[in-house]
Amino acid sequence: MSVYVGKSVPRRDTRLKATGEARYTADLALPFMLHAAVLRSPYPHARLLRVDTSRAEALPGVRAVITARDASGVKWGVFRYTRDQEFLARDRVRYIGEEIAAVAADTEEIAQEAVALIAVEYERLPAVFDPLDAIADGAPRIHDHAERNINIHVPIHVGDVDAAWDACDHVHTEMTRSEEESYFMTEPYAVLAHCDRQGTVEVWMPNASPHTKAKGLANALELPVSKVHVRHVAIGGAFGGRSDMFPGEYITALLSRKTRRPVRLVYTREENSIAVRQGHSMVVESRFGFKKDGTLHAVDVTCHMDGGAYSSTGPIATSVPFLCFEQTYRVANVRYNGYRVYTNKPIRGMIRTHGRAWACNVDMQLDLAAEALGLDPIEIRLKNALKTGDHTPTQSHIPSMASHETIRAVAEASRFREKWKRLPPWHGIGIGCVSVMSGFPMGIRGGSAAMVKFDEDGGVHLISGVVDNGQGNEGVVLQIAAEALGVPIDQIQLTASATEITPIDQGAYSQATTLVSGNAVRLACEDARRQLFEVAADVLEASAEDLELADGKVFVKGSPARAVPLAKVVRSGLLKGKSVIGHGSFGPNVDQRREWIQNPKGQLSAAFSYGSAVVEVRVDPETGFVDVLDVWASHDCGKAINPKEVEGQMDGGVAMGGHGGILLEALRWHEGANLNTNFLDYKIPLAPDMPPIHNFIVEADDPVGPFGAKEGGLSISMCTAQAYANAIAHAIGTHIREFPHTPDRVLDTIEAREGTEDEAS
Amino acid sequence: MLRLPPTRWTRPPSLDAAVAALGEPGARALAGGTDLVVALKNRTGRPQCLVSLADACPAGIDTGGGGWAIGAATTLWDLERWTAPPSVAAIPEAARSVAAPPIRSRATVGGNLCLDTRCVFYNQSAFWRSGRPPCRKAGGEVCHAVPGGDRCHAVFSADLPPALAAVGARVRVAGPDGERRKDVADLYTGQGLAPLALAAAEVVLSADVPALSGRSGSAFEKIRARRGLDFAAASAAVWVEAGDDGACRSARVVLGAVDSGPVRVARAEEALQGSLLEPEALETAADAARRAARPVKNADFTPAYRRKVVGVAVKRAASRAWQRAVGAREASS
Amino acid sequence: MSTPRKIVLALTVNGQDHDLLVEPRRTLLEVLREELGLTGAKEGCGTGGCGTCTVLIDGRPARACLTLAADVQGASVLTIEGLADALDGDLHPIQRAFVDAHGIQCGFCTPGMILTAKALLDENPSPDEAEIRQALSGQVCRCTGYAKIVDSVQLAARRLAGEEETP
């Protein structure tokens, strides 16, 4: 029987966060520290003719000014073939906010004043802000290497789509568009870096993978990885927006190297919005073909994503919306052409509900097909949902997936079938489903390792590269360790995400932490137990296989009196030169030959979760406002290590993906300038906006996950988005093709529909 | 951290001292600071001296003289807790709709009355604005919201002024030439560039709310993206009075956030007068409001949408005001 | 223009009196974080939109980023660092409730959230859910969807009222 796994243990880190003791990067200060500020391009596309820093350098209190002349010129991109971004622009700027120069000074104010003294001569270039405009003939070219500004093209074709339409009884084409969403993690980006005279760099910044940051920074600084120490720090949210390398850490480290003093750079909210990452806007064209009985037979999707000025996680970002679809529904013939297009807008990355126009397009197609074929929305999803043992079109085997159970859970709790088409006017109910992978092939940084060592008093140190952006990853590995070791959780000390100490870890993206890092921790604990029992076996004169650890004692199973205190086992081991140090290393069983563009087939992930949501709404036909009455969310996350924390992920997913993503959130623009960079103008949901959320955790224990655990939360962010959109469509009698469904769009759609009806009558 | 530009600061101990301090070049009045401090951080204002009015203006609601004098230094936090009679219920309702509690705790009645007009192209950082020619409000000659526009179209989105105007409140203003009183509506120029009809060194001392008929009611309706924090995309305050015959005898309708000042809509008032606020009358009033509104592309939602929903705001405010008027009449009879 | 003179600022923070010499343009947030080392109040935006800098000024929640330090001369300021009893180290019941009810994820909004909740419960010890949500309407949280934050405030209210024991 488990003691910790499956229990809603309050998280240890939250005691620090509740008291203000938790230190985020901007809270940190080092002796003799300087403050940095960055000069950014105010223009979306321009050649840099001259950058004159002399007046800035002459300002009292300024200690260093850097430009591309000081930089190594190493370009960043997540893949070898996507390295297109210099961290300080050399001769051309491609979006508003791009880094041109930076200053380190005695105070932040002097640094900002100095930035204003840098004289830049620009030659404005024609710019392009829409992906469809950018691929058109005559569009300005943003990178010399990219014809028609196409950054990434992901082509996937399984079966024979062109031949499949004839066998379909219902074929329908849909076009959906979504604007960019933004992360709005509450902590603005910040970096503290110190390059010392030993040639080492220590650096603190919010991140989703300390080891990825260390490698990227080492490359850019032309240092061995061993010289770059990314340190543990409290992190105020990520949601996909802290995943890769940003100029901030390079610039700060470079300023520190030049001054030999610690340097801190703290972004404003506006900088965090435009100069870190944003979500992609998308145009999605889909053609779905179904057989009479509702079987999905053929799918053809073309998607154009606005990638902004540089690649970032491009190939992944272009693929994931398709992958989330192909993991959810069975289809024999499927073609996908995903294009990520360069524009003169800020750089786009992966975001929690990546691809609302894509995901909602799928659910729109399912509901329209159900209507045409005389099925209901639940039936058509149950009919086509992938489940345990199936394979995805691109050949991933699914070890566990409680798709039907999650669909039934929300359908029954919400009384969906009683309500479908029977609600009062302007009321609607909708369902959405999605599967999300727990990690994908990430090459040499796709696995995780952990160590466990014992103190002479029986205390335990767990050392793991796991990083916690707020979702509770530290709590997860602590609970797994306590369970696997048989030691009270309070006696385990965690050292996490400190790259000079912690072994490799893939990071907190692609939902891999619980499965991959959790397994590494479990294995390390099992190894430590084995070593402990070997030592204890001598002391107790028993066989190691017969021993058990509980209540701070090692004892012989069935004979609790034959016991020895844990501390004594550790000490007798030390006397014999046997220090107990457990090692665990885990790599997910994925096909490492799989490649995003060249070879998009083979095992993608070790595990696949599933989420289903039902949403009931009431639309105000006069204002277009949507009142959300209830949300029912059901999640196959595998074993829930900490159910309350899983619920927290689900609640947050409903807020960000569903309520914010469908009703409120979009970036607005004026000639490449982002108009809503702050919390007042970018509308993330507030406490009174949020509906009641009813959560149902469906535990389909996964054969690979630690104690059966997979992913928690991301599925819910996506499937509630789909359910919100379908519920609104049900309420107003038609789907809205543009996302988000802001009140003005809802009202326009209602009026357009009424106009059509007037004409018809 | 976002920081203010260097500035002097003074907190005059009396009204006279404050008026004198405001007469100095580059002086700017500071009330709760919840809007002004943002402007300073964005460098849209660069005063040489901030004159805190905390000790110069009265705070609290004075009930002497047959009505209520709401001191300019009264916080919105206190105002929203005022148990106002139905005739002036729009006032605490409007106060409650401003921003959020931790802003209302500092924001004042005087500050809300004197709120600057806003525009999504103007209320941006200095960096943001540096990428394009300055707009009129920033001292330039173009309008980004209405390309080719011949004036500044910044929107007046304060919530209290429509409510105060609807109940016929007057403001008491003090300046170098002494005190004067004027209708709330006359406090505004309707110009985006300089929205306040105040002379140099003048300060608002109080909003004086008259005691109104016990058979009247008022309400404030605000359309905004979220249930907190947001400025109005459109708003309406309505005051209605029931006559002996049970019909509406008089009405005042004032719109917010659809032009560069509050907009009183006489035709909407005419539509309500003599009616029982039945749907047809409300719709006529709403249409009048839509015609009077002049929203442009400078705030949340499209101008066409804001025009539509300002009519809805009128209907809802009028209905609620009428319920209050009728309820008040029944309670008093 | 000549450099504006600094002003002497008398401020009570977390029960401790401070006499500070600061530039008049300094916000309360700058003084708390940079002069007094109290980094519990955060700058999430600096323009009043997020609530991560919220502290209590004379018992009422206020944005430290929009408040000039000069304007709170003589006032009593409570930050998150002053909420728990410094002597016995125990968490304040509201802090404890946020931990126990899983109302904290990334934690960046937490100090402002807890202090706003304290002001609410001081004024209204048994708020209903709508009152809690309204009181928190200026405090942005990106992680939790507010569900467990509301649970935390309700738990704190029950514990403060003696209706439920703290384990």
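Listing for the model above:
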item: Residue under evaluation B:C114, criteria (1) within 14 Å of chain C (Cβ to nearest Cβ); (2) open to solvent by 20 Å² or more (accessible area, probe 1.4 Å), criterion not met; result: (1)
item: Set C:L115, C:L56, C:L120, C:L66: member being over 26 Å from A:M690 (Cα atoms) and in contact with a helix residue (DSSP H, G or I) (Cβ under 8 Å, 6 or more places away or on another chain); result: C:L66
item: Residue check, A:A449 within 14 Å of chain C (Cβ to nearest Cβ), within 27 Å of the chain's Cα centre (by Cα), aliphatic (A, V, I, L, M) and open to solvent by 10 Å² or more (accessible area, probe 1.4 Å); result: no
item: Extreme residue, most open to solvent (accessible area, probe 1.4 Å), among residues of the range A:629-644 that are touching a Lys or Arg at 6+ places or on another chain (Cβ under 8 Å) and in a strand (DSSP E or B); result: A:L629
item: Among residues of the range A:17-26, those that are within 10 Å of another protein chain (Cβ to nearest Cβ), of a type outside the set (F, W, Y) and in contact (Cβ under 8 Å) with a residue 12 or more places away in the chain, counted; result: 4
item: Criterion violated by B:R172 - all others in (1) over 23 Å from B:D300 (Cα atoms); (2) assigned by TED's automatic domain parsing to the domain that holds B:G66; (3) open to solvent by less than 10 Å² (accessible area, probe 1.4 Å) satisfied; result: (3)
item: Residue count, the range C:84-141 (criterion: facing another protein chain (nearest Cβ under 10 Å), under 15 Å from the mean Cα position of the chain (by Cα) and among the small types (G, A, S)); result: 7
item: Candidates A:Y310, A:Y339 - the one that is in a strand (DSSP E or B) and among the aromatic types (F, W, Y); result: A:Y339
item: Unique residue being touching a strand residue (DSSP E or B) at 6+ places or on another chain (Cβ under 6 Å) and of a type outside the set (F, W, Y) when the list is B:V167, B:V120; result: B:V167
item: Those residues of the range A:29-61 which are open to solvent by 50 Å² or more (accessible area, probe 1.4 Å), closer than 30 Å to A:R231 by Cβ and more than 32 Å from the chain's Cα centre (by Cα), in sequence order; result: A:P31, A:F32
item: Matching entry among B:V240, B:V265, B:V258, B:V254 (being in contact (Cβ under 8 Å) with a residue 24 or more places away in the chain, open to solvent by less than 10 Å² (accessible area, probe 1.4 Å) and in contact with a Cys (Cβ under 8 Å, 6 or more places away or on another chain)); result: B:V240
item: Yes/no for A:Y682 being part of a loop (DSSP other than H, G, I, E, B), of a type outside the set (G, A, S) and either open to solvent by less than 10 Å² (accessible area, probe 1.4 Å) or not assigned by TED's automatic domain parsing to the domain that holds A:V617 (or both); result: yes
item: Residue count, the range A:688-714 (criterion: within 26 Å of A:L664 (Cα to Cα) and either in contact with a Phe, Trp or Tyr (Cβ under 6 Å, 6 or more places away or on another chain) or assigned to a strand (DSSP E or B) (or both)); result: 5
item: Subset of the range C:44-64 [in a loop (DSSP other than H, G, I, E, B) and more than 7 Å from chain A (Cβ to nearest Cβ)]; result: C:G48, C:G51, C:C53, C:D58, C:G59, C:A64
item: Yes/no for A:D300 being open to solvent by 10 Å² or more (accessible area, probe 1.4 Å), touching a residue at least 40 places away in the same chain (Cβ under 8 Å), acidic (D, E) and more than 14 Å from every other protein chain (Cβ to nearest Cβ); result: yes
item: Conditions (1) of a type outside the set (F, W, Y); (2) under 18 Å from the mean Cα position of the chain (by Cα); (3) within 14 Å of another protein chain (Cβ to nearest Cβ): number failed by B:A225; result: (2)
item: Residue that is nearest to A:V5 (Cα to Cα), among those in the range A:705-761 that are hydroxyl-bearing (S, T, Y) and in contact with a Lys or Arg (Cβ under 8 Å, 6 or more places away or on another chain); result: A:S717
item: C:A70 vs. criteria part of a strand (DSSP E or B) and more than 20 Å from A:A22 (Cβ to Cβ); result: no
item: Meets criteria (small (G, A, S) and either touching a strand residue (DSSP E or B) at 6+ places or on another chain (Cβ under 6 Å) or within 8 Å of another protein chain (Cβ to nearest Cβ) (or both)) for A:G652; result: yes
item: Those strands (runs of 3 or more DSSP E) lying entirely in the range A:75-167 with at least 2 residues buried (at least 22 other Cβ atoms within 10 Å of the Cβ); result: A:99-105, A:150-158
item: Where B:A163 falls short, out of the listed (1) under 23 Å from the mean Cα position of the chain (by Cα); (2) more than 14 Å from B:G192 (Cβ to Cβ); (3) within 14 Å of chain A (Cβ to nearest Cβ); result: (3)
item: C:G162 more than 25 Å from A:D13 (Cα to Cα), more than 15 Å from the chain's Cα centre (by Cα) and either within 14 Å of chain B (Cβ to nearest Cβ) or outside any loop (DSSP other than H, G, I, E, B) (or both); result: no
item: Residue match in the range B:48-65 (condition: more than 8 Å from chain C (Cβ to nearest Cβ), acidic (D, E), touching a strand residue (DSSP E or B) at 6+ places or on another chain (Cβ under 6 Å) and surrounded by fewer than 20 Cβ atoms within 10 Å (Cβ to Cβ)); result: yes
item: Filter result (more than 8 Å from every other protein chain (Cβ to nearest Cβ) and of a type in the set (A, V, I, L, M, F, W, C)) within the range A:661-713; result: A:I662, A:L663, A:A666, A:L667, A:W669, A:F696, A:I697, A:V698, A:A700, A:V704, A:F707, A:A709
item: Boolean, C:A41 is open to solvent by 10 Å² or more (accessible area, probe 1.4 Å) and either more than 7 Å from every other protein chain (Cβ to nearest Cβ) or in a loop (DSSP other than H, G, I, E, B) (or both); result: no
item: Test: B:K308 is more than 16 Å from B:P262 (Cα to Cα), at the interface with chain A (Cβ under 10 Å from one of its Cβ atoms), in contact with a helix residue (DSSP H, G or I) (Cβ under 9 Å, 6 or more places away or on another chain) and assigned to a helix (DSSP H, G or I); result: yes
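The values are calculated or read from the model by the stated rules, or taken from the named source; none is laboratory data. Nothing here was measured: the structure is a model prediction, and the numbers come from that model. So basically every Cβ, Gly included, is an ideal-geometry build from the backbone, and we count neighbours across all protein chains shown. Just the protein is used for accessible areas: all its heavy atoms, side chains included, with ligands, DNA and RNA removed. Shrake-Rupley method; radii C 1.70, N 1.55, O 1.52, S 1.80 Å.
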